[in-house]
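This report concerns only the one structure given below.
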Amino acid sequence: MNNLIISVTFRPNFGPHAHVEVFSHNIQDSMNVIQHENKPRVFKADMNIDLLKYDNNTKNNEYFDAVSSCYYLPVIIKSTRL
């Protein structure tokens, strides 16, 4: 049986850990380490970043680019709040 790596993370909307730039950098570093493990991976995140504003927000763009550069893509692509 293969081992499975599951990564779960949360980015708050406020406080010292809320900066999208820092979050994006830390996520990419973690993903790069995990990527070298030759195991199936699942990445779950409540990142509080509006990916629908990808084209209009540089910080959101940087987060998406960091995640997609490690071959991850979002599953939820529509807003979960109205």
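The values are calculated or read from the model by the stated rules, or taken from the named source; none is laboratory data. Computed from a prediction, not measured in an experiment: that's the story for all the values here. Ideal geometry is used to build each Cβ from the backbone, glycine not excepted, and the neighbour counts take in all protein chains shown.
Per-structure values
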item: Unique match (being more than 10 Å from the chain's Cα centre (by Cα) and under 20 Å from Lys78 (Cα atoms)) among Asn3, Asn56, Asn38, Asn32; result: Asn56
item: Residue list for the range 2-21, filter: of a type in the set (S, T, N, Q) and closer than 18 Å to Asn32 by Cβ; result: Ser7, Thr9
item: Meets criteria (surrounded by fewer than 13 Cβ atoms within 10 Å (Cβ to Cβ), assigned to a loop (DSSP other than H, G, I, E, B) and of a type in the set (A, V, I, L, M)) for Val75; result: yes
item: In the range 58-72, the residues that are surrounded by 15 or more Cβ atoms within 10 Å (Cβ to Cβ) and part of a loop (DSSP other than H, G, I, E, B); result: Cys70, Tyr72
item: Residue within the range 11-18 that is surrounded by 12 or more Cβ atoms within 10 Å (Cβ to Cβ) and either under 14 Å from Cys70 (Cβ atoms) or under 10 Å from the mean Cα position of the chain (by Cα) (or both) present; result: yes
item: The range 1-21 residues that are in a loop (DSSP other than H, G, I, E, B), paired with ones that are among the small types (Gly, Ala, Ser) (beta carbon under 6 Å, 6 or more apart); result: Pro12/Ala18
item: Checking Ser7 against (1) small (Gly, Ala, Ser); (2) touching a helix residue (DSSP H, G or I) at 6+ places or on another chain (Cβ under 8 Å); (3) surrounded by fewer than 12 Cβ atoms within 10 Å (Cβ to Cβ), the condition it does not meet; result: (3)
item: Residue list for the range 47-57, restricted to those being surrounded by 11 or more Cβ atoms within 10 Å (Cβ to Cβ) and polar (S, T, N, Q); result: Asn48, Asn57
item: Scope the range 33-46; condition at pLDDT 85 or above, surrounded by 12 or more Cβ atoms within 10 Å (Cβ to Cβ) and not β-branched (Val, Ile, Thr); matching residues; result: Arg41, Phe43, Ala45
